[in-house]
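The next block holds one structure in the form of structure tokens; read it before the comments.
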Amino acid sequence: MADREKGGFWVGAAAVLFYPLTWMGKSVYRGTERIPKNGPVLLVMNHVSHLDPAVDAVFVHRNKRVPRFMAKDSLFRVPIFGKILAGSGGIPVTRGSATAGDSLKAAHETLANGKLVLIYPEGTITKDPEGWPKRSYTGVARLALDNDVPVVPVARWGTQNIWNGYTKKFRPFPRKTVVHSVGEPVDLAKYREQERTPAVLREVTDLLMGEVLSLLVEIRGEQPPAKREDGA
């Protein structure tokens with residue numbers, strides 16, 4: 001049995017805060033054996049609720065890893081939560097600024113140090129009323145291609161029934177089922193030697209999110225619309 005990755009004080013604080021939040025839902029985990037128990041790994045996930053970071057942190061922690069979130073910088077300014085996010089190794093993302101590249105640099109360093117990085121390529125929760133992923137940013141492709149580490153897609157569904165980011169409704173009761181489904185690591189070998197053109201980065205981003213979408217389709221048992229509202 002693999003030892004639990006050590007996280008320190010702030011990870012312990014996160015566990016104290018986040019584990020009780022997950023009791024609002026019934027957790028179902030599928031394919032967790034596909035998450036490497038040690039060494040660097042990039043988890044690529046969809047984003048449907050403001051509750052996701054807490055629920056996903058517990059999901060990763062229950063699999064004996066410590067998640068280092070790539071999250072928008074505003075979350076790091078939220079009282080208590082921001083302190084925990086930063087203290088546990090979170091990576092702030094500031095889009096559209098001169099320092100935007102610093103987040104990718106920090107993520108590269110985190111992976112180089114053998115840690116697990118969790119990224120929501122959509123950048124924020126989807127605004128699709130049915131909860132399907134929106135068109136994603138290509139930073140995930142650059143991160144995946146520039147680091148020869150396992151890139152593992154994970155779909156999560158059910159948190160939007162507790163805290164819906166589209167309708168802004170919070171409904172903790174009755175308890176909802178929250179499913180995490182882990183896919184096989186994505187083989188990016190044919191892309192690694194290619195020039196990082198916008199077209200290549202878009203193709204890899206769509207490939208990764210396509211894997212997440214396939215897992216989401218399996219969980220939901222229904223197909224997404226052929227053309228989503230964001231034009232993707």
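The values are calculated or read from the model by the stated rules, or taken from the named source; none is laboratory data. If you're wondering where the values come from, they're calculated on a predicted model, not measured in any experiment. Using ideal geometry, Cβ is built from the backbone for each residue, glycine included, and neighbour counts are taken over all protein chains shown. Keep in mind that these areas ignore ligands, DNA and RNA; they rest on the heavy atoms of the full protein, side chains included. Shrake-Rupley method; radii C 1.70, N 1.55, O 1.52, S 1.80 Å.
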Qualifying residue in segment 64-76 (condition: crowded, with 22+ Cβ neighbours inside 10 Å, in contact with a Ser or Thr (Cβ under 7 Å, 6 or more places away or on another chain), within 26 Å of V186 (Cβ to Cβ) and not acidic (D, E)): yes
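For the structure I just gave you, tell me whether K127 is surrounded by fewer than 16 Cβ atoms within 10 Å (Cβ to Cβ) and either within 11 Å of the chain's Cα centre (by Cα) or not in a helix (DSSP H, G or I) (or both).
Working: surrounded by fewer than 16 Cβ atoms within 10 Å (Cβ to Cβ): yes; either within 11 Å of the chain's Cα centre (by Cα) or not in a helix (DSSP H, G or I) (or both): yes.
Yes, satisfied.
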Look at S27 and say whether it is in contact with a Phe, Trp or Tyr (Cβ under 8 Å, 6 or more places away or on another chain), among the polar types (S, T, N, Q) and farther than 27 Å from D206 by Cβ. yes
Is there a residue being modelled with pLDDT of 95 or more and touching a strand residue (DSSP E or B) at 6+ places or on another chain (Cβ under 6 Å) anywhere in segment 136-147? yes
Name, by its number, the condition in (1) within 23 Å of N147 (Cα to Cα); (2) surrounded by 15 or more Cβ atoms within 10 Å (Cβ to Cβ); (3) at pLDDT 80 or above that does not hold for K105. (2)
Looking for whichever is in contact with a helix residue (DSSP H, G or I) (Cβ under 8 Å, 6 or more places away or on another chain) and either buried (at least 18 other Cβ atoms within 10 Å of the Cβ) or closer than 23 Å to T138 by Cβ (or both) here; the options are L215, L188, L207. Which one fits? L188
Of the residues in segment 82-102, how many are open to solvent by less than 50 Å² (accessible area, probe 1.4 Å) and at pLDDT 75 or above? 9
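What are the residues in segment 157-200 that are in a loop (DSSP other than H, G, I, E, B), among the small types (G, A, S) and at pLDDT 95 or above, if any?
Scanning segment 157-200 gives G158, G183.
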Find all pairs meeting these conditions: Cβ atoms under 6 angstrom apart; at least six residues apart or on different chains; first residue within segment 176-200 and β-branched (V, I, T); second residue open to solvent by 70 Å² or more (accessible area, probe 1.4 Å). T177/K26; V182/R34; V186/E211; V200/Q194
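Would you check which residues across segment 111-124 are open to solvent by 10 Å² or more (accessible area, probe 1.4 Å) and either free of Cβ contacts under 8 Å to residues at least 60 places away in the same chain or assigned to a loop (DSSP other than H, G, I, E, B) (or both) and list them?
N113, G114, K115, Y120, G123, T124
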Of the conditions (1) touching a Gly at 6+ places or on another chain (Cβ under 9 Å); (2) open to solvent by 60 Å² or more (accessible area, probe 1.4 Å), G25 satisfies every one except a single condition; which number is it? (2)
